[in-house]
Amino acid sequence: MSDDCLFCKIINGDIPADIVAQTDHVLAFRDINPQAKTHVLIIPKVHIQSTRELNDDNVHYLMDMAVMANNIAENEGIMESGYRWVINTGDDGGQTVHHIHLHLLGGRKLHWPPG
Ligand code: AMP
Ligand code: ZN
């Protein structure tokens, strides 16, 4: 855990969030500034800053995040209509919170390429 990390504070319960689902390893909550009807953030319950810090020892969290995203897509009713997974990394990637998170976006037609 990182003391000054917003998402670690959500994991600890220090900051409230609209929690959608969780396991021992991952937490899913609604984005505070949703960009689509469904916009859920899925994070590991350990502080991993970004995709850059993924390695053989912690990449299993990404697997848990992926399975969680599928369960939520099913529950949100967007499995058939489609959805998008996004993980932003670093400044050029547009990452603003430095605790790795998978955006699950769906419920509307999403544009491509991203801006
Ligand atoms: P990124 O730009 O990829 O780092 O995404 C960070 C996301 O976190 C943005 O979509 C924000 O709207 C979202 N966010 C920031 N603070 C909160 C919060 N307290 N609860 C839920 N989502 C948040
Ligand atoms: Zn953190």
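FYI, it's all coordinate maths here, none of it is from the lab. The shown structure was predicted, so the numbers you read here are calculated from the model rather than taken from an experiment. For neighbour counting, all protein chains shown are included, and Cβ atoms are generated from backbone atoms with ideal geometry for every residue, glycine included.
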Handout entry: Distant-in-sequence amide H partners of Val26 (H built 1.01 Å from N, under 5 Å)
Key = Lys45
Practice task
List, largest first, the extents of the alpha carbons of the range 1-60 along their principal axes, each in whole Å.
Solution key: 34, 24, 20
Exercise for the section: Using Cα positions and a limit of under 19 Å, work out the aspartates and glutamates in reach of Lys37, with same-chain residues fewer than 8 apart set aside. Expected result: Asp18, Glu74, Glu76, Glu80
Exercise for the section: Determine the calculated [θ] at 222 nm for the chain from helices alone, applying -39500 (n - 2.57) to every DSSP H run no shorter than 4 residues and normalising by the residue count; nearest 500 deg cm²/dmol. Expected result: -7000 deg cm²/dmol
Problem - Table column - 3J(HN,Hα) (Hz), the range 64-72, Karplus curve with 6.51, -1.76, 1.60, x for Gly and Pro - result: 5, 5, 5, 5, 4, 4, 5, 4, 5
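Below 8 Å, C-alpha to C-alpha, sequence gap of six or more: please give me the relative contact order for the chain in percent.
Values: 171 pairs, mean separation 34.2, N = 115.
Result for the chain is 30 percent.
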Exercise for the section: Once every Cα of the chain carries one equal point scatterer and solvent is ignored, give the base-10 log of I(q)/I(0) from the Debye formula at q = 0.10, 0.13, 0.24 Å⁻¹, two decimals. Expected result: -0.28, -0.47, -1.55
Practice task
Between Ile43, Ile78, Ile15, find the one with the highest GNM mean-square fluctuation for the chain; connect C-alpha pairs within less than 10 Å.
Solution key: Ile15
Exercise for the section: Within the range 1-82, report the GluC sites (Glu not before Pro) that DSSP leaves as loop and that have at most 14 other Cβ atoms within 10 Å. Expected result: Glu80
Practice task
Subtracting the Cα-Cα distance from 0.36 nm times the residue separation, let me have the gained length for Met79 to Asp91 in nm, one decimal.
Solution key: 1.3 nm
